1. Label points 7 Å out from Cα along the Cβ direction at A:ARG15 and B:LEU237: separation in nm?
2. Which of the pairs A:LYS50/A:LYS221; A:LYS152/B:LYS212; A:LYS19/A:LYS152; A:LYS35/A:LYS194 have their Cα atoms more than 23 Å apart in this structure?
3. With +1 on each Lys and Arg Cβ and -1 on each Asp and Glu Cβ, and nothing else charged, work out how big the dipole of the protein assembly as shown is about its Cα centre, in Debye to the nearest 20.
4. In segment A:46-82, which residues have a backbone nitrogen under 17 Å from the label point lying 7 Å from A:LYS28's Cα in the Cα-to-Cβ direction?
5. Could you tell me how many degrees, from 0 to 90 and to the nearest 10, lie between the Cα long axis of helix A:230-242 and the main elongation axis, the longest principal axis, of the Cα atoms of chain A?
6. Considering only DSSP states other than H, G, I, E and B, which chymotrypsin sites (Phe, Trp or Tyr not before Pro) in segment A:1-75 qualify as loop sites with at most 13 other Cβ atoms within 10 Å?
7. Where a Cα-Cα gap under 16 Å defines reach, which lysines qualify for A:LYS119, not counting those fewer than 8 residues away within the same chain?
8. For the residue pair A:GLU129 and A:ASP101, what label-to-label distance in nm results when each label sits 7 Å from Cα along the Cα-to-beta-carbon direction?
Amino acid sequence: MQDNADNIPIVDFHRVHLKYDQGPTVLKNLEFDLKRGSFHFVTGESGAGKTSLLSLMYLDQRPTSGRIQIFGQDLSQVPRSKIPYLRRRIGVVFQDFRLLDHLTTFENVALPLWLAGMKEAEIRRRVNEMLMWVGLERNMRAYPPVLAGGEKQRIAIARAVINRPDLLLADEPTGNVDDEMANRIMYLFNELNKQGTTLLIATHNQEIIRRNDKPRFHLSKGNLEYIPAPSQMYAAQTQGGTR
Amino acid sequence: MSLFQAKRALPFHDSSALFLSWITMLMVFVATLALLGALSINNVIAIWQRGVSGALTIQVPTYLPNGEARGDAVQQDIAKTSEILDATRGVISYSVVSDDKMSDLLSPWIDDSKAIPELPLPKLLDVQINADVFDFFTLKDQLAKVAPLVQADAHRITLMHLIETGRRIQQMLSFILLLLILTTAFTVVYTSSSTLAVHQPTIHILHMMGAKDSSIAAQYASRDFMRALMGGVIGLLLAIPLGWLCSRMLMPEQLPLLQGASLSWTAWSVILCLPLGIALLAFITALLTVLKILRRAI
Ligand SMILES: Nc1ncnc2c1ncn2[C@@H]1O[C@H](COP(=O)(O)OP(=O)(O)O)[C@@H](O)[C@H]1O
Ligand SMILES: [Mg+2]
């Protein structure tokens with residue numbers, strides 16, 4: 001039986017505008033939604049507003065106007081005391097990583113679990129497993145300032161996915177790693193997606209977009225254009241050709 | 001690797017680290033001395049008060065200072081005094097101490113009991129009072145007007161003045177304690193807000209990870225609790241020997257009026273709880289300050 005909650009989009013934007021206080025209008029009249037378990041890319045030139053778009057979803061920015069619903073809840077109506085619980089269902093890979101420099105790799109990755117009140121043994125098990133997966137087991141005790149950009153990025157990713165979020169927002173998650181690691185990360189994301197996590201990944205990486213047959217949103221001049229997955233476009237074209 | 005470290009989700013090795021400990025050390029040091037003083041005075045006042053409650057003696061001199069007998073004037077004074085006593089609130093009863101009673105009282109000190117009636121002794125009035133409503137100074141003023149030679153007992157006046165002075169000193173010490181408490185609270189508010197500004201990027205990340213305001217505030221609060229407790233314990237350890245020395249120097253056994261100034265166990269436990277009290281104050285102040293500031297964030 002399908003209950004009602006399954007039909008509600010994970011993310012729902014309605015006529016959303018964003019203009020920074022001393023800055024340009026970055027997003028204009030956005031109207032789109034992300035279904036549960038979907039997987040989309042966000043593309044656009046540098047400065048197009050990809051980070052701004054994601055930050056509206058993880059409540060780092062408030063829209064200038066319009067309505068945003070996450071997990072069916074209108075963000076403007078969510079009381080402050082409930083926001084942490086909403087954020088715990090969202091994993092974020094920040095473009096600038098935003099690691100805590102005074103915590104070790106292990107502690108950084110463990111942080112969301114610890115904040116959610118998980119038992120120490122379970123935290124240990126999960127974090128060790130995750131660090132193995134992203135190839136950071138040998139950097140467990142290291143502090144971020146001594147690590148390379150690619151290593152920090154992998155910590156950021158591990159931290160974002162450690163509590164198997166319902167929604168994963170990744171901002172250029174493969175910008176600092178080599179191709180092999182980029183593929184490994186995409187594999188991880190795909191696995192999460194199969195388990196039900198809704199994904200939205202902002203990226204420049206054409207290779208990644210080409211290899212992963214997913215629909216994308218293209219941002220340009222504040223407008224959002226929906227571009228279907230390559231396989232769907234091909235299907236549509238061949239259908240059109242046979243007519 | 002201990003998760004204990006992860007629980008320090010905020011970088012606490014900031015420049016204000018020692019500031020709060022220093023302040024609370026000073027605060028508790030001064031507060032301990034002030035409290036020691038206030039509580040000692042309290043004890044002494046209680047003892048003095050026992051001396052002024054219940055009974056009062058009024059003397060009617062039978063001879064003038066130049067040795068002349070006053071004759072009938074004595075009975076007139078007693079009558080006037082009785083009139084005033086009848087009209088005074090808080091006087092339960094009074095009686096003139098009889099000559100026989102006087103002799104009995106004095107006989108242990110005077111060998112020749114037959115000589116007692118010859119001595120220039122004053123007449124005494126023994127007055128029972130209810131100390132709650134009785135106003136000694138009003139009585140004294142009235143007596144001075146109608147019977148200037150009649151004396152209400154001098155010992156009592158000294159004690160009442162001492163009690164008054166003791167109360168003043170206590171008020172002053174309470175005021176100092178209040179200032180210390182306020183200063184500590186303001187210090188915590190100040191250090192919390194300034195470190196909060198320094199930690200802003202970290203707090204932002206913690207918020208993004210789903211941290212609750214209350215858990216962030218609790219971290220600041222428990223940090224300040226520990227810092228204040230540490231400073232407070234040191235302040236107490238420094239103040240107690242000094243307080244003890246002071247009591248030794250100021251209250252030697254030769255001063256009977258100050259006997260009984262040694263503190264009860266209750267008083268000592270109040271003093272020993274000072275560091276804990278000031279640490280709790282720091283905890284609550286930090287908690288409320290941080291929560292208030294965080295509520296302004298998105
Ligand atoms: N906090 C901010 N305040 C003001 N302007 C901002 C802020 N963040 C981003 N911008 C501006 O908004 C535009 C979009 O930025 P951003 O969302 O970071 O784009 P992208 O991630 O696609 O590179 C840029 O012009 C940028 O300068
Ligand atoms: Mg960006």
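Any read-out appearing in this document is the output of simple, stated calculations on the displayed coordinates, not a laboratory observation. If you're wondering where the values come from, they're calculated on a predicted model, not measured in any experiment. Counting neighbours? That spans all protein chains shown, and the Cβs are built from the backbone with ideal geometry, glycine included.
1. 6.8
2. A:LYS152/B:LYS212; A:LYS19/A:LYS152
3. 2820
4. Only A:47-50, A:53, A:64-66 fall inside the zone, counting backbone N under 17 Å.
5. 20
6. Hits after loop and neighbour filter: A:TYR20.
7. B:LYS7
8. So the two model labels end up 3.4 nm from each other.
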